[in-house]
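The structure appears below as structure tokens.
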Amino acid sequence: MEPIVGGTTQPPDRLRDDVRVLGDLVGGVLREQAGDDTFAQVEDIRTAAIALRAQPAAAAQEEALLAWAQDRTTADLEAITRAFSVYFHVINMVEEHHRVRVLRERDDGTTPVADSVAAALADLAREGVSAEAVAATLADLAVRPVFTAHPSEARRRTLLSHLERIGRLLATLDNPQNTPTMRAEALDHLRAQVTLLWQTAETRTERPTALDEVAAMLGVLTGAIYDVAPRVQRTLETAAPGTPLPPFLQLSTWVGGDRDGNPRVNPEVTRAAARLARRAILRRYGEDMGALGRELSISQRLIGASPELLASVERDLADLREQRVEEWADEPYRRKCGLMAERLARTLRDEPGGYPDAAAFLGDLALLRASLLAHRGARVADGALRDVTARARIFGFHLAEIEIRQHADRHAATVAELLRLASGDDYATLDEAARVATLTAALAGPQLGIPREALSPAAREVLDTFAAMGEIQGQQGAAACQTVIISMSRAASDALAALLLARETGLFRWDGNGRAT
């Protein structure tokens, strides 16, 4: 299969070469897996599409292509569609690989790479912006990406894993030290991965559940995002040397919390999403501490360690009732990392001895850093330990805040039901001014205290959602779930209605004089 190129702009030579090599590879797999007839049909439709792109006004060619498609069987069309899907999956990976390759080649060590943070800082310096002003701005920087389960992203995690392996194999082809045998082996591995793409269904036979969507989101957050976050934090900290910067990245997600966009999301799903996120991030921290312990093989006899670190190891041994690892007797950092990993494991299992919160984990990481800095270990402290610390500051023990999204009408209907049972007021018939006055008075007063069993199932679910927020906050801190998105909000009463529901479940209190807690 040749590359599909339209218009007059040709891709760069290396990209074109890569596309040709991988296109031929995909074509070979297609012949092997689907047969020569399917390959020939794919080629027919490909060449016709190229001709149409070159002459979009050629109505006769378009009609001929449509007639050709109408003559094919459903099985033929499904095979053709799958063939192009596999082809474009692979070619998209080739293009991504080429973009990364170009960026690396631009980084010659003499000038900042275009569009990078370093380039932006250089531009600011040329425009006369002081380093102090830059540092002050970076200290206030907050980037809040919100992850959603978008319906257009239907690819399975299995498929994404195959594509990731294809991406890694593409990188090996660029290695100038490859021998012909090594290159042939890499191409064979690519053929195997493309074969797996062909033999793997793009979608499951069953519709994904809400928790399937949560699992997919967690795979992204604890995968690529987890890996790259400390590198970006380092880049910003390098731009403001000597100025401690708070974590700029603040992650949020609607997955597991968006009941307006997904009717299958209920309070139990939200609770489960928070638990799964906590477990996922704790597992990653545990892996990091295991790797850090293997790295920090520093000898106490040769280098020493701080009294605070040594004392913390003894306290941990006593608190956790763990036996000493004799082969680590001279390696206090390794001992501490092992004990920290054990605390994380107990946190994961909700057992005594676990960390009460992320701040306690960060405190232990700070102990390791302080001891390293005091014993000629600054370079070591700025390695993997710095990255683990950055991650703990960014992700906490909750990974990402679950934002609750609900339609304003659901909130209004629930408030109307509560007020009707509490006082007989017909909130639904009030105009906006009367609604605001009614809600303001209700917020300044005591809780309405309507028993849940007196409410309709729809109203109970809305209130239970707010109750779930409170439970998640109690277990993981306010940062884990504190934002309510009111979709189709049109008036001040929509916000006040949400506040009243939060008040009814103990999330919010207002004294009527402008003070809220």
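The values are calculated or read from the model by the stated rules, or taken from the named source; none is laboratory data. Predicted model only: the values in this text are computed from it and were never measured. Cβ placement follows ideal geometry from the backbone for every residue including glycine, while neighbour counts extend to all protein chains displayed. Side chains are part of the model used for accessible areas, which takes the heavy atoms of the whole protein and leaves out ligands, DNA and RNA. Shrake-Rupley method; radii C 1.70, N 1.55, O 1.52, S 1.80 Å.
Under the condition of being of a type in the set (Asp, Glu) and within 19 Å of Gly257 (Cβ to Cβ), the residues counted in the range 199-217 number 2.
In the set Asp288, Asp227, only one residue is surrounded by 18 or more Cβ atoms within 10 Å (Cβ to Cβ), assigned to a helix (DSSP H, G or I) and at pLDDT 90 or above; that residue is Asp288. Taking each residue of the range 228-250 that is in contact (Cβ under 8 Å) with a residue 40 or more places away in the chain and more than 17 Å from Leu399 (Cβ to Cβ) and looking for partners that are open to solvent by 20 Å² or more (accessible area, probe 1.4 Å) and of a type in the set (Lys, Arg) with beta-carbon atoms closer than 8 Å, six or more apart or interchain, yields Arg234/Arg386; Pro246/Arg393. Pairing residues of the range 192-212 that are closer than 21 Å to His89 by Cβ with residues that are in a loop (DSSP other than H, G, I, E, B) and modelled with pLDDT of 85 or more, at Cβ distances under 6 Å and at least 6 apart in sequence or on separate chains, gives no pairs at all. Just one of the numbered conditions (1) surrounded by fewer than 16 Cβ atoms within 10 Å (Cβ to Cβ); (2) closer than 30 Å to Arg334 by Cα; (3) touching a Leu at 6+ places or on another chain (Cβ under 7 Å) is not true of Ala454: (2).
Within the range 415-471, being of a type in the set (A, V, I, L, M) and farther than 30 Å from Glu268 by Cα holds for Leu430, Ala433, Ala434, Val436, Ala437, Ala441, Ala444. Checking each residue in the range 69-81 for being in a helix (DSSP H, G or I) and either of a type in the set (Ser, Thr, Tyr) or over 12 Å from Val42 (Cα atoms) (or both) picks out Gln70, Thr74, Ala75, Thr81.
Contact annotation: residue pairs with Cβ atoms under 8 Å, 6 or more positions apart or on different chains, pairing a residue in the range 154-178 that is more than 25 Å from Val214 (Cα to Cα) with a partner that is open to solvent by less than 70 Å² (accessible area, probe 1.4 Å) and of a type in the set (Lys, Arg), are Asp174/Arg101. More than 30 Å from Leu30 (Cβ to Cβ) and not in a helix (DSSP H, G or I): is that true of Pro208 in this structure? Taking the combined requirement at face value, the residue does not satisfy it.
Results for (1) out of contact with any helix residue (DSSP H, G or I) (no Cβ under 7 Å at 6 or more places or on another chain); (2) under 30 Å from Thr148 (Cβ atoms), shown as yes or no for each residue.
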{"position": "Tyr333", "(1), (2)": "no, no"}
{"position": "Glu342", "(1), (2)": "no, no"}
{"position": "Gly353", "(1), (2)": "no, no"}
{"position": "Leu368", "(1), (2)": "no, no"}
{"position": "Thr389", "(1), (2)": "no, yes"}
{"position": "Glu401", "(1), (2)": "no, yes"}
{"position": "Ile404", "(1), (2)": "no, yes"}
{"position": "Ser423", "(1), (2)": "yes, no"}
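Condition check ((1) under 22 Å from Gly242 (Cα atoms); (2) among the β-branched types (Val, Ile, Thr); (3) at pLDDT 90 or above) across all residues:
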site	(1), (2), (3)
Pro112	yes, no, no
Ala120	yes, no, no
Pro145	no, no, yes
Arg157	no, no, no
Leu163	no, no, no
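For every residue, the table says whether it meets (1) farther than 30 Å from Phe466 by Cβ; (2) free of Cβ contacts under 8 Å to residues at least 24 places away in the same chain.
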site: Pro263; (1), (2): no, yes
site: Asn266; (1), (2): no, no
site: Arg271; (1), (2): no, no
site: Ile281; (1), (2): no, no
site: Ser312; (1), (2): yes, no
site: Leu317; (1), (2): yes, yes
site: Tyr333; (1), (2): yes, no
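Regarding the range 104-121, can at least one residue be identified that is touching a Ser or Thr at 6+ places or on another chain (Cβ under 7 Å) and either open to solvent by 50 Å² or more (accessible area, probe 1.4 Å) or in contact (Cβ under 8 Å) with a residue 12 or more places away in the chain (or both)? For the range 104-121, residues touching a Ser or Thr at 6+ places or on another chain (Cβ under 7 Å) and either open to solvent by 50 Å² or more (accessible area, probe 1.4 Å) or in contact (Cβ under 8 Å) with a residue 12 or more places away in the chain (or both): present. Looking only at residues in the range 311-332 that are in a helix (DSSP H, G or I), under 18 Å from Leu368 (Cβ atoms) and of a type in the set (Asp, Glu), the one that is least open to solvent (accessible area, probe 1.4 Å) is Asp316.
Looking at Gly474, Gly470, Gly445, which one is closer than 21 Å to Arg420 by Cα and not hydrophobic (A, V, I, L, M, F, W, C)?
Working: Gly474 fails: closer than 21 Å to Arg420 by Cα; Gly470 fails: closer than 21 Å to Arg420 by Cα.
The match here is Gly445.
Taking the criterion of being open to solvent by 70 Å² or more (accessible area, probe 1.4 Å) and more than 30 Å from Leu197 (Cβ to Cβ), would at least one residue in the range 63-86 satisfy it? Yes, the range 63-86 has at least one match. When each of Ala516, Ala495 is tested for being at pLDDT 90 or above and in contact with a strand residue (DSSP E or B) (Cβ under 8 Å, 6 or more places away or on another chain), the lone residue that passes is Ala495. Just one of (1) in contact with a Leu (Cβ under 6 Å, 6 or more places away or on another chain); (2) closer than 20 Å to Ala318 by Cα fails for Gly363. It is (1).
Filtering Pro247, Pro241 for residues that are under 30 Å from Ala136 (Cβ atoms), modelled with pLDDT of 90 or more and outside any helix (DSSP H, G or I) leaves a single hit, Pro247. You will find that of Arg346, Arg335, Arg379, the residue that is within 28 Å of the chain's Cα centre (by Cα), open to solvent by 30 Å² or more (accessible area, probe 1.4 Å) and at pLDDT 95 or above is Arg346 and no other. Of the residues making up the range 465-477, those that are open to solvent by 50 Å² or more (accessible area, probe 1.4 Å) and at pLDDT below 95 number 2.
Here is a check on your reading of the model: is Thr181 closer than 30 Å to Gly27 by Cα, in a helix (DSSP H, G or I), β-branched (Val, Ile, Thr) and in contact with a helix residue (DSSP H, G or I) (Cβ under 9 Å, 6 or more places away or on another chain)? Considered against the rule, which asks whether it is closer than 30 Å to Gly27 by Cα, in a helix (DSSP H, G or I), β-branched (Val, Ile, Thr) and in contact with a helix residue (DSSP H, G or I) (Cβ under 9 Å, 6 or more places away or on another chain), Thr181 comes out as no.
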